[in-house]
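The values are calculated or read from the model by the stated rules, or taken from the named source; none is laboratory data. None of these values were measured; they are calculated from a predicted model. FYI the Cβ positions are ideal-geometry reconstructions off the backbone, even for glycines, and counts take in every protein chain you see. Accessible surface areas use protein heavy atoms only, side chains included; no ligands, DNA or RNA. Shrake-Rupley method; radii C 1.70, N 1.55, O 1.52, S 1.80 Å.
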Amino acid sequence: MILDRTKNSIRNILFGYINRLLCMLCPFFIRTVMIHTLGTEYLGLNSLFSSILQVLNLAELGFSSAIVFNMYKPIANNDTVIICALLSIYRKIYRIVGIVILVLGIFIMPFLNIFIAGTYPQNVNLYVIYFIYLLNTVLSYELFAYKSALLEAHQRTDIESNLASLTNSFMYIIQIVVLICFKNYYMYLIIMPVFTVILNFIRAFIVKRQFPEYFPKGNSNKKLQSEIFIKVKALIIYKVGNVVSNAVDNLVISAFLGLNILAVYNNYYYIISALFSFLMIYYNAVKAGIGNSIILHSIEKNYKDFESFFFAQSWIVGWVSICLLCLFQDFMAVWMGEKLLLPYKLVILFVIYFYTWKIHDVVHTYKDALGMWEEDKYRPLISSGINLLGNLILVKFVGLYGIVLSTIISETFVTMPWAPSVLYKMYFKKRTKIYYLQLLKYVAGNFTAGIFTFIICWFIPVNSIVQLAVKTIICIIIPNIIFLYIYRNNENLQKIKSVLINPILNHFKKNYYSDK
């Protein structure tokens with residue numbers, strides 16, 4: 001089966017962004033309502049327990065990535081038997097994972113106080129709240145989550161996005177109503193596992209209608225099982241490293257600085273993580289198509305595609321970073337007020353943190369599509385180790401600055417030189433120097449556009465939403481005009497226009513003239 005990669009990518013990106021917008025705006029309102037109805041300590045509890053459960057999700061150990069990767073070839077070859085066998089393996093694994101997470105989660109319960117410095121809301125039971133979070137996670141594994149692998153492997157994540165948009169919108173609306181009308185944290189939380197059950201049953205129904213030929217049945221051959229477990233062994237180390245980097249920051253802040261500081265930090269990080277999610281929609285939308293292309297086309301053709309993706313990524317990441325630099329603090333002041341602001345120097349570090357973390361995502365996307373986890377399995381572990389060590393040392397001397405600096409250091413000195421070299425040497429068979437020279441050009445372009453935009457925005461004070469809107473329009477227009485001028489002769493820009501933009505414009509023109 002040859003996937004319609006362009007059509008699927010556009011569809012996945014469109015509906016993925018709609019879903020992400022809803023999932024960003026609704027929690028944004030929830031955080032605002034929660035601060036005014038319950039207080040900042042409750043936001044701190046949300047962040048803390050979410051981080052603990054993120055660590056417990058290590059029990060999944062990367063089986064989902066390995067299964068999806070191994071589906072690319074049988075999908076391309078229309079091998080239904082293998083796909084059904086893979087689903088059978090996946091279902092068994094997820095049921096075991098759910099039980100493991102439940103056991104580990106219950107084991108951690110007596111030690112919850114260790115993760116909290118200072119006070120926490122006294123009118124709630126920490127153990128009950130934590131168990132609701134734990135139950136929500138366990139249910140997501142024990143029901144029909146394994147069916148999402150079919151959607152991802154067939155490059156139909158738009159179905160998952162639409163389903164999530166529908167169910168999450170209802171969930172968020174009910175949660176906001178509960179907070180405003182009842183101011184009850186327990187009622188707010190119990191809504192999550194209820195909608196997790198609803199989401200999983202609806203997903204199971206949709207996948208069964210979309211792919212009726214696939215169902216968990218049979219056993220895969222020993223060679224395929226061996227390949228899966230080789231990938232999984234590498235993914236265990238790989239995933240441990242990534243989770244430590246993402247989750248431990250919150251645990252360190254809570255343990256050393258307290259829930260109130262954690263809540264303020266996570267108001268900022270909420271925006272950063274929302275942007276992370278927005279960009280991941282783009283990468284997830286094209287990953288299955290990349291996997292399909294790797295199987296069906298030459299290395300040189302895939303390298304040309306990689307160059308185009310890298311160009312698009314540098315444009316998007318650069319533009320978003322410029323928007324953060326110019327708008328982040330003003331937005332936080334309008335949203336949360338002056339009392340809940342962090343110093344602007346920390347905001348600049350957040351921007352650098354965002355840029356260094358996301359600028360290499362296309363490299364990671366290709367490595368995932370290639371199943372290339374064994375080749376640099378220790379890289380995330382070393383990176384996260386440096387990040388954790390930096391957290392524990394620097395937080396005592398410079399507080400929150402140390403948390404953000406640790407991540408920047410680990411990304412700059414471990415991920416930046418390591419990950420691209422593996423992809424270029426092992427698959428593209430090219431010198432990594434080519435990648436870094438291209439990266440330097442893109443960084444220079446991003447920096448140039450950023451300086452011009454920042455200077456213009458500097459003269460616009462923000463005391464209202466209207467002024468913030470004016471500044472936002474400037475950040476939308478100016479950097480992209482500068483990018484268009486800088487890259488006007490870039491062949492990757494011309495390729496993106498011909499492959500993505502022109503077909504969309506022609507589609508609308510065709511519909512417009514047919515209506516006439």
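A few remarks follow.
- Each residue, Leu392 and Asn78, gets one label point 7 Å from its Cα in the Cβ direction; the gap between the two is 5.7 nm.
- Contour minus Cα-Cα distance for Ile465 and Phe170 (0.36 nm per residue): 103.5 nm
- Residues in the range 350-380 that a label on Ala333 would reach, taking backbone N under 18 Å of a point 7 Å out along Cα→Cβ: 350-351
- Ile253 sits among other residues whose Cβ lies under 14 Å from its own Cβ, and their net charge, with Lys and Arg +1 and Asp and Glu -1, is -1.
- The amide H of Arg156, built 1.01 Å from its N in the peptide plane, has no neighbour under 5 Å, considering only residues 5 or more places off or on other chains.
- Ranked by how many other beta carbons lie within 10 Å on average, peptides 187-193, 145-151 from highest: 145-151, 187-193
- Once the chain from Ile451 to Tyr127 is taken as fully extended at 0.36 nm per residue, the excess over their C-alpha distance is 111.7 nm.
- Applying 0.36 nm per residue to the separation of Asn162 and Val103 and subtracting their alpha-carbon distance, the gain on full extension is 18.0 nm.
- Taking Cβ atoms as reference points and 14 Å as the exclusive limit, the residues near Met336 contribute a net charge of 0, counting Lys and Arg as +1 and Asp and Glu as -1.
- Residues in the chain average 45 Å² of solvent-accessible surface per residue, probe 1.4 Å, ligands and nucleic acids excluded.
- For the range 76-180, a/c is not less than 1.5, where a ≥ b ≥ c are the root eigenvalues of the C-alpha gyration tensor, and a/b does not top b/c. That puts it in the oblate class.
- Label-to-label distance for Ile230 and Gln210 is 3.1 nm, based on points extended 7 Å past Cα in the beta-carbon direction.
- Relative contact order (percent, whole number), the chain, Cα cutoff 8 Å, 6+ residue spacing: 21 percent
- The alpha carbon centroids of the range 318-391 and the range 71-93 are separated by 35 Å.
- Packing rank of 472-479, 88-95, 402-409, 109-116, where each peptide gets the mean count of other beta carbons within 10 Å, highest leading: 402-409, 88-95, 472-479, 109-116
- A simple spin-label model places pseudo-atoms 7 Å from Cα toward Cβ; at Met426 and Glu374 they are separated by 0.9 nm.
- Share of carbon and sulfur in the accessible heavy-atom surface of the chain [1.4 Å probe, %]: 69 percent
- Per-pair calculated FRET efficiency, R0 = 51 Å: Ile18 and Ile299 via Cβ, rounded to 0.05: 0.90
- Label-reachable residues, the range 129-171, where backbone N falls under 11 Å from a point 7 Å from Ser277's Cα toward its Cβ: 165, 168-169
- Each of (i) 18; (ii) 30; (iii) 14 is a candidate for percent of Cα pairs over 42 Å apart; the one calculated from this structure is (i).
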